[in-house]
Amino acid sequence: MAAAGKGAAVALEVREERRYGRFAWGQNDKNRKTIPNASGGKQVGRVRMIYKICPASAWREAERQGVFRGSPVDISDGFIHFSTASQLAETARKHFFGQTGLFLIAVDADALGKALRWERSRNDELFPHLYGELDLGAVTGVLSMRARSDGYHDIPELEP
């Protein structure tokens, strides 16, 4: 894309993958986010990346505004819903089955700070919930999610 002059409108284009923030997918980082377990004591697993499935139109609006405030469901619930890599396929099946025009947003969990909470949800699993707006600086990439003819989505191999 050609450089735009000061004050000129810049067209956004979505390719197979878009990168944001300070990390690229696939990079290792020793400061990974730790998930508290349901009893609150021990810690199980480590997660650096969390994921949001989002309609492309809503994400393009977030890019224009410089912040993602959440989907209508997120706004109603008072937090932005995320999934870990292992939870993503079930989230896509349960909430987005058959939908087209979706993006998969990868977010650096460490960049969200204390506004990110791990709370029990589906199947008594802990899910990441963001209590606040998503600053696009925490986003490390955006992928188009392809819907198959059977209504399911192809989920790419993701960083845990």
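The values are calculated or read from the model by the stated rules, or taken from the named source; none is laboratory data. Model, not experiment: these values are computed from the prediction. Here the Cβ positions follow ideal geometry from the backbone for every residue, glycine too, while neighbour counts run over all protein chains shown.
What number of residues within the range 140-160 satisfy the criterion of being basic (K, R) and farther than 19 Å from A56 by Cβ?
0
Residues checked against (1) part of a loop (DSSP other than H, G, I, E, B); (2) touching a helix residue (DSSP H, G or I) at 6+ places or on another chain (Cβ under 6 Å); (3) among the aliphatic types (A, V, I, L, M); (4) farther than 15 Å from P128 by Cβ:
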{"residue": "G70", "(1), (2), (3), (4)": "yes, no, no, no"}
{"residue": "I75", "(1), (2), (3), (4)": "no, no, yes, yes"}
{"residue": "A85", "(1), (2), (3), (4)": "yes, no, yes, no"}
{"residue": "A89", "(1), (2), (3), (4)": "no, no, yes, yes"}
{"residue": "K94", "(1), (2), (3), (4)": "no, no, no, yes"}
{"residue": "Q99", "(1), (2), (3), (4)": "yes, no, no, yes"}
{"residue": "F103", "(1), (2), (3), (4)": "no, yes, no, yes"}
{"residue": "A106", "(1), (2), (3), (4)": "no, no, yes, no"}
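Per-residue answers, yes or no, for (1) of a type in the set (F, W, Y); (2) modelled with pLDDT of 50 or more; (3) surrounded by 13 or more Cβ atoms within 10 Å (Cβ to Cβ); (4) touching a Lys or Arg at 6+ places or on another chain (Cβ under 7 Å):
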{"position": "G26", "(1), (2), (3), (4)": "no, no, no, no"}
{"position": "M49", "(1), (2), (3), (4)": "no, yes, yes, no"}
{"position": "V73", "(1), (2), (3), (4)": "no, yes, no, no"}
{"position": "F82", "(1), (2), (3), (4)": "yes, yes, yes, yes"}
{"position": "Q87", "(1), (2), (3), (4)": "no, yes, yes, no"}
{"position": "A92", "(1), (2), (3), (4)": "no, yes, yes, no"}
{"position": "F96", "(1), (2), (3), (4)": "yes, yes, yes, no"}
{"position": "L104", "(1), (2), (3), (4)": "no, yes, yes, no"}
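Looking at (1) surrounded by 13 or more Cβ atoms within 10 Å (Cβ to Cβ); (2) out of contact with any helix residue (DSSP H, G or I) (no Cβ under 6 Å at 6 or more places or on another chain); (3) within 16 Å of D77 (Cα to Cα), which one does A147 not meet, given that it meets all the others?
Among (1) surrounded by 13 or more Cβ atoms within 10 Å (Cβ to Cβ); (2) out of contact with any helix residue (DSSP H, G or I) (no Cβ under 6 Å at 6 or more places or on another chain); (3) within 16 Å of D77 (Cα to Cα), A147 violates only (3).
Considering only the range 114-135, I want to know if a residue exists there that is touching a residue at least 60 places away in the same chain (Cβ under 8 Å) and small (G, A, S).
no
Go through (1) surrounded by 13 or more Cβ atoms within 10 Å (Cβ to Cβ); (2) within 23 Å of T140 (Cα to Cα) for G113 and report which single condition fails.
In the conditions (1) surrounded by 13 or more Cβ atoms within 10 Å (Cβ to Cβ); (2) within 23 Å of T140 (Cα to Cα), G113 misses (1) alone.
I'd like the residue in the range 114-130 that is under 15 Å from the mean Cα position of the chain (by Cα) and not aliphatic (A, V, I, L, M) and, out of all such residues, is nearest to G78 (Cα to Cα).
H129
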